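The structure appears below as structure tokens.
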């Protein structure tokens, strides 16, 4: 996922939908969405139990150990 | 006939609410929804596949929220906390849309509602401004409590989710309708069109179903049948059925002027 994981001080580990992934330090929510290929998709994100409003995607900075849930609408009854 | 279903102040022409799960593909989903005439469709909220195909079809494209009123559900949630988190995500996903279907399940075998967790979740959601349509047991006391909390529709099961067993306890549904003034919508258990008609004849405000349509051999044709079943049941309810006469017949034809081989 990340091009440079050799310097651990520049890397953060996030738990995304229950799976751990590494990203570079100073990754915003918007950057993460971009990097994961979700740009332009209808998704919603929860960070450590709190909703991340779409309006803050560009400004919220992710931190080591953050737990993210990224969800979509699917068929259901 | 001006007979609208009114939920949380918004009126709907169709009294059939349809789930979007279990169809072969989104094309069939959409065809069934169109055949059913439904205006309100339930959807589930799930973790997105990481690294999913960017061109993967999206439910929101096949079933546009501009054409259908979305009712995000909490299917699969077994605690109030998970249900509340799921619906907060749904509200963010759907641009502030606050009409939701709350269901908190008790166990995976019966999918029977856990009413204690359901009540806890309903209180939180109503306080946060959600308009809560709530799946619950057919217990009239719980139904009334959920109304008092502020739920905008009470949705008792008619039989277990996905069972197709039909309306097993019309008496309890009637008890609920007798004491609740928000719409009572049968949610779960309907198997075929006559079940939907029975629910509507009882006076239910609507019927919500998924498997009865998606699980039919021909889902699109069954969707059409369900539309008619709901409409027929509703009209019969409004028309007011004839009283039942026990143990005695009443002829439909005149009782006089009958030719007779008797002398007179």
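The values are calculated or read from the model by the stated rules, or taken from the named source; none is laboratory data. Small disclaimer: the values here were computed from a predicted structure and weren't measured. Note that we place each Cβ from the backbone using ideal geometry, even for glycine, and neighbour counts take in every protein chain shown.
Taking the criterion of being buried (at least 17 other Cβ atoms within 10 Å of the Cβ) and at pLDDT 95 or above, the residues of segment A:41-56 that qualify are A:44, A:45, A:46, A:47, A:51, A:52. For segment B:38-59, does any single residue satisfy the condition of being in contact (Cβ under 8 Å) with a residue 40 or more places away in the chain, surrounded by 17 or more Cβ atoms within 10 Å (Cβ to Cβ) and on the phi > 0 side of the Ramachandran plot? There is no residue in segment B:38-59 that is in contact (Cβ under 8 Å) with a residue 40 or more places away in the chain, surrounded by 17 or more Cβ atoms within 10 Å (Cβ to Cβ) and on the phi > 0 side of the Ramachandran plot.
Checking the stated criteria, residue B:14 turns out not to satisfy the condition of being more than 10 Å from chain A (Cβ to nearest Cβ), under 17 Å from residue B:209 (Cβ atoms), surrounded by 24 or more Cβ atoms within 10 Å (Cβ to Cβ) and touching a strand residue (DSSP E or B) at 6+ places or on another chain (Cβ under 9 Å).
Count of segment B:169-215 residues, restricted to those that are within 16 Å of residue B:152 (Cβ to Cβ), outside any helix (DSSP H, G or I) and either more than 14 Å from chain A (Cβ to nearest Cβ) or free of Cβ contacts under 8 Å to residues at least 24 places away in the same chain (or both), is 8.
Tell me, please, whether a residue that is surrounded by fewer than 18 Cβ atoms within 10 Å (Cβ to Cβ), within 22 Å of residue B:102 (Cα to Cα) and more than 16 Å from the chain's Cα centre (by Cα) can be found in segment B:179-186.
So in segment B:179-186, the residues surrounded by fewer than 18 Cβ atoms within 10 Å (Cβ to Cβ) come out as B:179, B:181.
Imposing the further condition that a residue be within 22 Å of residue B:102 (Cα to Cα) reduces the set to B:179, B:181.
Subset that is more than 16 Å from the chain's Cα centre (by Cα): B:179, B:181.
Within segment B:179-186 (the criterion being surrounded by fewer than 18 Cβ atoms within 10 Å (Cβ to Cβ), within 22 Å of residue B:102 (Cα to Cα) and more than 16 Å from the chain's Cα centre (by Cα)), the answer is yes, since at least one residue qualifies.
For segment B:65-80: of the residues being closer than 20 Å to residue B:136 by Cβ and within 9 Å of chain A (Cβ to nearest Cβ), which is farthest from the chain's Cα centre (by Cα)? Even if it seems obvious, please write down each step before you answer.
Taking segment B:65-80 first, the residues closer than 20 Å to residue B:136 by Cβ are B:71-80.
Pick out the ones that are also within 9 Å of chain A (Cβ to nearest Cβ) and you get B:72-73, B:75-76.
Values: B:72: 13, B:73: 12, B:75: 14, B:76: 18 Å.
Filtering segment B:65-80 for residues that are closer than 20 Å to residue B:136 by Cβ and within 9 Å of chain A (Cβ to nearest Cβ), the one farthest from the chain's Cα centre (by Cα) comes out as B:76.
Scanning segment B:152-172 for residues that are within 13 Å of the chain's Cα centre (by Cα) and within 12 Å of residue B:139 (Cβ to Cβ) yields a count of 3. Scan segment A:20-77 for residues that are facing chain B (nearest Cβ under 9 Å) and in a strand (DSSP E or B) and the total you get is 13.
Can you tell me which residues in segment B:230-264 are out of contact with any strand residue (DSSP E or B) (no Cβ under 8 Å at 6 or more places or on another chain) and not in a loop (DSSP other than H, G, I, E, B)? B:231, B:232, B:233, B:234, B:235, B:236, B:237, B:238, B:239, listed by residue number. Checked against the criteria, residue B:198 does not count as under 19 Å from residue B:116 (Cα atoms) and surrounded by 21 or more Cβ atoms within 10 Å (Cβ to Cβ).
Test residue B:95 against the stated conditions and say whether it is surrounded by fewer than 15 Cβ atoms within 10 Å (Cβ to Cβ), within 11 Å of chain A (Cβ to nearest Cβ) and at positive phi. Answer is yes for this residue.
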